[in-house]
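Structure first, commentary second.
The values are calculated or read from the model by the stated rules, or taken from the named source; none is laboratory data. What you are looking at is a predicted structure, and each value in this text was computed from that prediction instead of being measured. Heads up, the Cβs are rebuilt from the backbone with ideal geometry, glycines too, and the neighbour counts pull from every protein chain shown. Ligands, DNA and RNA are excluded from the accessible area calculation, which covers all protein heavy atoms including side chains. Shrake-Rupley method; radii C 1.70, N 1.55, O 1.52, S 1.80 Å.
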Amino acid sequence: MEPDSRAFERNALKALSDKELQDALENAVGRIEARRAAAVASFDGFEAARERASGLRRETLSRLGDHLARFIEEAEKRGAVVHVARDAAQARGIVARVAREEGVALAVRSKSTAAEEISLDDALREAGVEEVETDLGGYVARLAGEPPSHILSSAFHMTREAVSRVFEGKLGEPPAADAATLSAIARKRLEESFSRAGMGVSGANFLVAETGSVVLLSNDGNARAGALLPRVHLVVAGIEKVVPRMADLPVFLRLLSRSASGQPLPSYVSILTGPRRDGDAEGPQRLHVLLIDCGRSAILEGKYRDALKCIRCGACLSACPVYGCVGGRPYGWVYPGPIGAVLTPLLAGLSEAAALPDASTLCGACSDACPVKVPLSAFLLELRSDTRFQGLKAPAEIAWAKGYASVMKRAGVLEALERILGELSRLVSKGHPLSGMPYPFAGWTERRDFPSVARRPFRKLWKIRRGARE
Amino acid sequence: MDPKGPVSASLFFSCSADAFAPDVCFAATELLERFGVKVGAPLSQTCCGQPAFFTGNRKEARAVARKLLRSFPDDGYIVTPSGSCAAMVHDGFPVLFRDEPRTLAAARAFAERTYELSRFLVDVLGVTDPKSPFTGTVTYHESCRLPKGPKAGAADPPRTLLRSIPGVALVEMEEAGRCCGFGGVFSVRHPQISCAMTERKIERILATGAEYVATADMGCLLNIGGMISRYGYPVKALHLAQVLAGAPRVEEEEGPP
Ligand code: SF4
């Protein structure tokens, strides 16, 4: 997927003026955030689990190469075919080759951010493979021709009415108002695809090194069906998804599920350990695992390593007040919200996505919500500083910063400036708050007043009232 | 530092309180003096560097932060009425000076002595009742940048103090801890998103029917107060210090400038 993050501001304004989107966001984000907060509050060991999970992720990342080698060895031992791609183009080449060699005509796919990252649909199209998205939200978003808005649920941003309109327009279904009818319509269409598909494509929530297993979680069962029914299964996963031992899983499952949907555990946990063996009742006959690097090794070596701890639960999205206002679209790539504002610059390039780290109040709600303690706010700040070093800041901003520092280096200069601004604002507003300010503050005062500088700032009054005593 | 014996504290004004809300600093002073603190106001201080730090202009932020470190006496507490200024010292300085061991050590020592006002009252002075004559219904907006972390003593000093004022009825708003949309430079760069967040905050405030909304951060106060002022909403924004001290009158008429 090509990033479109430069247009953050434009798309955010669009989102703010879209009444239907605003309703959907308030509803969906509000609901999921309430459930998450309740699930976390009712989980006694939350802090301890968080600490443990964060430690485990850290430890794993510090020896990622070893764990990955172990995973590959064990998976291959059990009959899986493992591929490693350096970048998206190479990954697409591998996908196309697998599809062709396996003779696939139709593929069913469940929601996978890794697949979105490499634009897997392009690869399948090139290989002449028809592809159906089976995640309900993703299915709807795809029909509507819209980019995904959330890392867990692609149609997070659509109301039931909007979904009904899409089904009417694209599928010729009669209008329906309730969620059950709408999902039944989608399911009926999807079932048929499952039975015809030659290949299932999914992401992975975890890769277990000691057994070479792929762990898939889902709440609607589509990922499970997609992994078990078709003859071939292709897993696309970032190299950071590995956990060393099976025994590490429970803490992650608990945290991920509560943080994502508020459920104590996910509805479906599928663990694929190699393809179907003699005597197995179900499972794919061929299992391919495509591990993508796509910039992750570079992150691993640098100061943002902890960003790879992310287990893609989406908690930071629902907790983020900015995401709550504008939704996922303005972030412009695979990962929206706070983790997107960190990962997009790191994976797709800071020059593409320098707007994203700025689109945060740094309130810290994301860092507080993260079940594996990714220091999201600190990283956003760090990225803002990187833009200066990489020459990506507007000259006006740098000039402002220099001016600010030269004023603040001497109290006398600040005092003089306060006097001038005070006089000016009294000329304009007679001591009342300012209802308009010049560029770049014009937007600030569109719906807010700004106080005018006091006739006597504190330091002046202090001298008057208390003499020169400090 | 031993809080026994006379406690002295230097007021760290917050440049925005200095310029826009001197009352807030006087309220803080009054409050501290009420509990026997000898209050000083080092007049050479300017700003903590946060505006440059938040925009990623660290070189300039460092210059301003160094100036702050130099502006205070070497001992005694440092108390600020603005949560985010304290947070800058606690969380920002260690990042700014991570490659300068000597300044880092000085910054850490400085942070050790630095407190947000309500936390200082509760954790250091052991105040449980601020002895405020304030009366009215108050709702409290939790600033996101009240320092958490290492100085976390009493869980929630602002609420502890507000609850013990006999004339104050504290009415909790929904989502009290949700950001009001200020975010410093964010509110300049993304005024529309910022205002959408502020509107939501104002809705929650108005829903309580409280006469006052109090907050312990200058940024939140400018932001929330600015929207209230624009639309004439029936609620008044005050700094927590003003409620705790008992809202001193605006004294603009004193002496020639
Ligand atoms: S950064 Fe943390 S909160 Fe956000 S998606 Fe990743 S694990 Fe979840």
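When shorter helices are ignored and each DSSP H run of at least 4 residues is given -39500 (n - 2.57), the per-residue value for chain A at 222 nm works out to -15500 deg cm²/dmol. Isolated cysteines in chain A, defined as those with no second cysteine Cβ under 4.7 Å, comprise A:294, A:310, A:313, A:320, A:325, A:370. If only the Cβ of Lys and Arg carry +1 and only the Cβ of Asp and Glu carry -1, the dipole of the stretch A:177-334 around its Cα centre is close to 160 debye. The orientation-averaged projection of the convex hull spanning the C-alpha atoms of the stretch B:67-130 amounts to 4.5 square nanometres. Share of carbon and sulfur in the accessible area of the protein assembly as shown stands at 54%, probe radius 1.4 Å.
Antiparallel DSSP bridges in the protein assembly as shown: what percent, to the nearest 5? Looking only at bridges with both residues in the protein assembly as shown, the antiparallel portion is about 15 percent.
Of A:201, B:47, A:367, which is farthest on the positive side of the dipole of the protein assembly as shown, counting Cα position, with +1 on Lys and Arg Cβ, -1 on Asp and Glu Cβ, and the Cα centre as origin? Of the options given, the answer is B:47. Express in whole angstrom the spacing between the alpha-carbon centres of the stretch A:320-395 and the stretch B:72-124. About 27 Å separates the Cα centre of the stretch A:320-395 from the one of the stretch B:72-124. Taking amide H atoms as placed 1.01 Å from N in the peptide plane, the amide H of residue B:237 lies under 5 Å from those of B:213, each 5 or more residues away in sequence or on another chain. Buried by at least 40 Å² relative to the chain on its own: which residues of the stretch B:30-65 qualify, computing accessible area with a 1.4 Å probe on protein heavy atoms? Correct list: B:41, B:43, B:46, B:54, B:55, B:56, B:57, B:58, B:60, B:64. For chain B, just say rounded, prolate or oblate: build the C-alpha gyration tensor, square-root its eigenvalues into a ≥ b ≥ c, call rounded for a/c under 1.5, and beyond that prolate if a/b exceeds b/c, oblate if not. Oblate.
With a 1.4 Å probe and all protein chains left in place, how much accessible area per residue does the stretch A:397-469 have, in Å²?
On the way: 3940 Å² over 73 residues.
Ligands and nucleic acids excluded, the result is 54 Å² per residue.
The residues of the stretch B:136-245 expose on average 33 square angstrom of accessible surface per residue, using a 1.4 Å probe on protein heavy atoms. For residue A:402, the lysines whose Cα comes closer than 19 Å to its Cα, not counting residues fewer than 8 places off in the same chain, are A:393, B:59, B:67.
Anisotropy class assigned to the stretch A:358-452 is prolate, per the alpha carbon gyration tensor with a/c at or over the 1.5 cut-off and a/b larger than b/c. Residues of the stretch A:348-375 that bury at least 40 Å² of accessible area once all protein chains are present, compared with their chain alone (1.4 Å probe, heavy atoms only, ligands and nucleic acids left out), are A:358, A:361, A:362, A:363.
The long axis of helix A:395-408 is offset from the longest Cα principal axis of chain A by roughly 50 degrees.
What relative contact order, as a whole-number percentage, does chain A give when Cα pairs under 8 Å and 6 or more residues apart are counted? Numbers along the way, then the final one.
On the way: 801 pairs, mean separation 93.3, N = 470.
Worked out over chain A, it gives 20 percent.
Per residue, the accessible area of the stretch A:59-297 comes to 39 Å² when a 1.4 Å probe rolls over the protein heavy atoms.
Structural size metrics of the stretch A:59-297, computed from C-alpha coordinates, are Rg and Dmax of 17.6, 55 Å.
Using the crude model of +1 on Lys and Arg Cβ and -1 on Asp and Glu Cβ, and no other charge, please compute the dipole size for the stretch A:318-422 relative to its Cα centre, in debye to 20. That gives the stretch A:318-422 a dipole magnitude of about 200 debye.
Both chains summed, the buried accessible area for B and A stands near 6400 Å², from protein heavy atoms and a 1.4 Å probe. From the residues A:395, A:8, A:285, which one has its Cα farthest along the dipole of chain A in the positive direction, the dipole being from +1 and -1 charges on Cβ of Lys/Arg and Asp/Glu about the Cα centre? Of A:395, A:8, A:285, it is A:395. For the protein assembly as shown, the Cβ-based charge dipole about the Cα centre amounts to some 1540 debye (Lys, Arg positive; Asp, Glu negative; other atoms uncharged). For the stretch B:179-199, a decrease in accessible area of 50 Å² or greater in the assembled protein chains relative to the isolated chain, with a 1.4 Å probe, applies to B:186, B:188, B:189, B:190, B:192, B:193, B:195, B:197. Across the protein assembly as shown, the convex hull enclosing all Cα atoms gives 160 Å³ per residue.
Starting from the Cα gyration tensor of the stretch B:136-245, take the square roots of the eigenvalues, sort them a ≥ b ≥ c, and report rounded, prolate or oblate (rounded when a/c is under 1.5, otherwise prolate if a/b is larger than b/c, else oblate).
Values: a/c = 2.00, a/b = 1.22, b/c = 1.64.
Here the stretch B:136-245 falls in the oblate category.
Beyond a 18 Å Cα-Cα separation, which of these cross-linked pairs lie in this structure: A:463/B:38; A:309/A:373; A:77/A:309? Pairs exceeding the cut-off: A:77/A:309.
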